[in-house]
1. What are the pairs, 6+ residues apart or on separate chains, where a residue within the stretch 72-86 that is more than 27 Å from Thr323 (Cα to Cα) has its Cβ under 8 Å from a residue that is of a type in the set (Phe, Trp, Tyr)?
2. Exactly one of (1) farther than 27 Å from Ala264 by Cβ; (2) touching a strand residue (DSSP E or B) at 6+ places or on another chain (Cβ under 7 Å) is unmet by Gln99. Its number?
3. Look at His193 and say whether it is touching a residue at least 24 places away in the same chain (Cβ under 8 Å), part of a loop (DSSP other than H, G, I, E, B) and crowded, with 18+ Cβ neighbours inside 10 Å.
4. Considering only the stretch 84-171, give the helices (runs of 4 or more DSSP H) lying wholly within it that have at least 2 residues that are among the small types (Gly, Ala, Ser) and crowded, with 18+ Cβ neighbours inside 10 Å.
5. For the stretch 192-205, which residues satisfy the criterion of being at pLDDT 95 or above and of a type outside the set (S, T, N, Q)?
6. May I ask you to list the residues in the stretch 153-173 that are at pLDDT 90 or above and more than 21 Å from Arg308 (Cβ to Cβ)?
7. Does Thr342 qualify as being at pLDDT 95 or above and not basic (Lys, Arg)?
8. Given the criteria in the same structural domain as Gly92 (by TED's automatic domain parsing) and touching a residue at least 24 places away in the same chain (Cβ under 8 Å), does Glu140 qualify?
Amino acid sequence: MQQQKGGRRRGSRVTRADVAKLAGVSTATVSYVLNNTNKVPEPTATRVLDAAKQLRYRPNQIARSLVTNESKQLAIVLNNIANPIYSDLILGFENDAIQHGYFVNICTGNRNVDDYFDNFASRGLDGLFIEVLPYKYHTEKLSELLDADIRMVVFGNIGIDLKTISCLETDYIDAMAQAVEHLSGLGHERIVHVSGLDEAHSFDRRIDGYLRAMAKTVPRAEPVVIAPQENLLTSIDDGYELTRRLLSTRRSFTAVICTNDLMAIGAMRALTDQGRRVPQDVSVVGIDNAYVSQLCSPTLTTLATDYRALGSRAFQMLYGDLTTDTKGFYLNRASLITRESTGPVR
């Protein structure tokens, strides 16, 4: 059988001993270099790295985890990967994770989330970013994950103990205030919230924010929430169907604020199908600033979040917990982007 330089037989698994032999150092020195301990002089470290590259050496992560008690694996659990905002959220999280030597498992939210959590505990993941909202899982599962020494960052207003778990939340009280104030400034008072959430879902504060903003900004107007009877409905089709339900009530309104951009696009389609012009007859506001908000016609006024930066923030919070046992809370503020879908009341 042929041998490569360094005495290793072609086709066999490369080991640290092979790297050490080719570089002319001990296996301990190879370990120091590959673990970035800064205990090895630079010329020696360069020689080790060159040998590892020449032999195409890949560390055995399973063996490493047995020694370090770290799997170097994380996971993101998403609510619905079909929403385009998640590509930026994943990129922001994963890019930072890779720079720190972590592999990221992406869970799309298409299965029972409790099953995901049970699986994570058995696989020994180091940490999780739980973006999915807790109507899809039992919050007591978080305690089980903590017992398995899995660190977490969760998204949403779920009333968790911030001494044990880090949390990210978007300030929907402020976001809805911005939306209502923008529409009020254009002369709108009969403003409806087409919600993908029912009012029982307190972990997301969009409905609460809308009701507060209406009471403060247009106190003479009656707030109206069109919401699903159960579950979370946030797709384009959901926005379309809920807006059709609004139209069927024969209620007079001049503006709509939707749970997200996808629902807003569906709402605009439903309005157009019923002969309502946007924004001449009805103004429409979305939330997220997903890339599709700039591609639809008319382009969509929306409350923007930098999801790539938010994903990066989630990783940094998780990394702080993993390395220094630091827990944190971050309140994300959305910013209004005015486009073609809103205009003066007529």
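The values are calculated or read from the model by the stated rules, or taken from the named source; none is laboratory data. Bear in mind that the values here come from a model prediction, so they are computed numbers and not experimental data. Here Cβ is always computed from backbone atoms with ideal geometry, including for glycine, and neighbour counts include all displayed protein chains.
1. Asn80/Tyr86; Pro84/Tyr291; Ile85/Tyr307
2. Of everything listed in (1) farther than 27 Å from Ala264 by Cβ; (2) touching a strand residue (DSSP E or B) at 6+ places or on another chain (Cβ under 7 Å), Gln99 misses just condition (2).
3. no
4. Here the list reads 85-99.
5. Val192, His193, Val194
6. Passing the criteria: Ile165, Ile173.
7. Criteria met by Thr342.
8. no
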